[in-house]
Amino acid sequence: MAGQQLEQILSALDSDTVLWSDFVALCDCGGRRAGSTSEANALTLAQQGLPAIGRDVRVAAIPYAAWRLHDSSLTLEDGTALACNPLLGSQSTGADGVSAEVCDLGRGTPDDFERHASAVAGRFALVRHEYPFSTAHIHRRRKLTWATERGAAGFIIANPHPGAGPVAGSSGRGGQQGVPAVGTDYESALRLASAAASGVRARIAVRGEDYAGETDVLTLDLPGKSPQWVVLSAHVDGHDLAESAMDNATGVAVALAIARAVLPHLASSARGLRVCLFSAEEWALAGSRQYLDGMSDADRRAIALNVNLDTVGGDTHLTALTSEFPELERWVSRIARESGIELGTYQPMMANSDHYNFARHGIPAFRLVAGFDRPECNVRYILTRGDTRDKVQRGEMVAAARTTAMLVWHALTMSDAEAAALRLVSR
């Protein structure tokens with residue numbers, strides 16, 4: 001019976017035309033930066049669509065340390081304007097900005113910072129953006145932290161690809177004291193590297209405003225036979241540079257499609273399905289952090305598993321980031337093998353999406369992501385002006401939905417003993 005139900009779920013996904021139209025509609029909203037009209041429109045779109053799936057829709061107001069940008073610039077001392085895209089929450093400067101020499105740290109590895117240990121203080125730390133989904137990736141905020149700890153006057157992260165424009169991202173400052181932090185492009189980084197070598201100064205000016213923000217978490221509960229839940233999550237928000245198509249209109253559209261396909265079969269499943277659509281994810285995971293931290297211990301214990309969909313289009317290959325839950329990694333691999341699907345796994349904790357906030361509360365959680373360790377695929381365009389709908393194929397979305405459905409259905413129907421085993425963590 002369970003096998004027949006899964007086949008019906010997969011068949012429903014194959015014929016689901018709303019999957020693609022949801023994706024396009026989210027892209028039509030724009031970049032969906034938290035606090036913007038674009039984000040509000042996307043949340044309204046999602047909230048209006050959820051009742052068509054189930055009646056138990058809830059909207060929770062979530063506070064977060066918000067920030068809005070008024071204006072910014074990055075220039076050389078002769079006035080030459082360079083590409084400038086302040087990181088979300090960047091520390092503001094005075095009206096005249098901050099002037100300093102540049103310390104070119106290359107990629108910005110620990111070794112790079114160690115070699116330049118005596119040169120970072122009082123200068124702008126220039127590092128390079130990296131492909132974010134790989135075993136060797138060093139996150140932007142780690143580099144920013146190292147620069148700040150060493151007394152940098154500011155932080156500049158550059159796109160390593162010619163002609164691709166500046167990069168986006170969060171400073172993670174959260175209203176606390178920090179340094180001005182901006183993204184720039186490949187061509188500007190060449191000018192800055194030359195300035196670093198010759199002692200020419202640069203100037204960063206950022207005029208922003210911290211404020212107490214509020215966004216929404218949308219949840220849809222589709223009950224099963226027990227009070228336990230499998231949480232299927234995705235984040236709605238993104239960045240202003242483009243459409244945030246891969247990151248993360250793909251995840252939201254697939255999550256809604258899974259809910260539609262699974263709904264007719266939940267009466268016989270051991271657990272219910274809860275769809276969580278977060279925002280302020282790009283703000284150091286603020287939305288899901290507030291949501292999980294605000295839950296009671298009993299409510300958190302009722303979550304058997306979190307399946308987080310974030311950037312599931314842009315490549316044909318998916319990987320499950322299993323958050324240091326070894327039994328979870330084995331469970332995912334076994335289901336993939338038995339189902340005949342290609343699915344990679346990566347066990348070390350990666351705090352790069354909302355699954356992290358489930359995992360830090362001891363809830364088994366994994367992120368499905370496309371293009372892991374495949375830096376030449378279209379996923380390389382996320383956090384840039386290239387994150388647009390043309391980088392995603394409908395077939396990638398359907399394949400991601402089918403893979404997700406197999407994993408979700410097994411989670412909904414697994415035994416209590418199997419669910420308990422998934423909670424074991426690495427020691």
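The values are calculated or read from the model by the stated rules, or taken from the named source; none is laboratory data. None of these values were measured; they are calculated from a predicted model. Positions of Cβ are generated from backbone atoms using ideal geometry, with glycine treated the same way; all protein chains shown enter the neighbour counts. Each accessible area value is taken on the protein alone, full model and side chains, heavy atoms only, with ligands, DNA and RNA left out. Shrake-Rupley method; radii C 1.70, N 1.55, O 1.52, S 1.80 Å.
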What is the angle, in °, between the Cα long axis of helix 250-262 and the longest principal axis of the Cα atoms in the chain? Nearest 10 is fine, range 0 to 90. 10 degrees
To the nearest Å, what is the center-to-center distance of segment 358-427 and segment 65-83, using C-alpha atoms only? 36 Å
Return the whole-Å distance between the Cα centroid of segment 238-305 and the Cα centroid of segment 11-45. 14 Å
State the volume of the convex hull built on the alpha-carbon positions of segment 118-239, expressed per residue in Å³ and rounded to an integer. 177 Å³
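Volume per residue, Å³, of the convex hull around the alpha-carbon atoms of segment 90-153?
86 Å³
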Accessible area in square angstrom per residue, the chain, 1.4 angstrom probe: 38 Å²
In nm, what is the difference between 0.36 nm times the number of residues separating E214 and V24 and their Cα-Cα distance? 65.8 nm
Two pseudo-spin positions, 7 Å from Cα along C-beta at E149 and at E7, lie apart in nanometres by 5.6 nm
Sorting check: for 19-26, 401-408, 59-66, which peptide has the highest mean count of neighbouring beta carbons within 10 Å, and how do the rest follow? 401-408, 19-26, 59-66
Overall dimensions of segment 376-423 by Cα: Rg and Dmax, Å: 16.5, 46
Taking only C-alpha positions in the chain, Rg and Dmax in angstrom work out to 21.8, 73
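Using a 1.4 Å probe on the protein heavy atoms, what percent of the accessible area of segment 172-291 belongs to carbon and sulfur? Could you put the intermediate results ahead of the total?
Details: 1790 of 3690 Å².
That fraction is 49 percent.
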Quick check: the angle from helix 326-339's long axis to the longest principal axis of the chain, C-alpha only, nearest 10 degrees? 60 degrees
Quick one: angle between helix 140-149 and the longest Cα principal axis of the chain, in degrees between 0 and 90, rounded to 10, please. 40 degrees
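With r as the distance between the Cβ atoms of A267 and A298 and R0 = 25 Å, compute the FRET efficiency 1/(1 + (r/R0)^6) and round to 0.05. Display every interim value, and only then the final one.
Numbers: r = 24 Å, r/R0 = 0.97.
Calculated value: 0.55.
Average the reciprocal distances over every distinct pair of alpha-carbons in segment 20-165, invert the result, and give the Kirkwood radius in Å.
Values: mean 1/r = 0.0541 Å⁻¹.
The answer is 18.5 Å.
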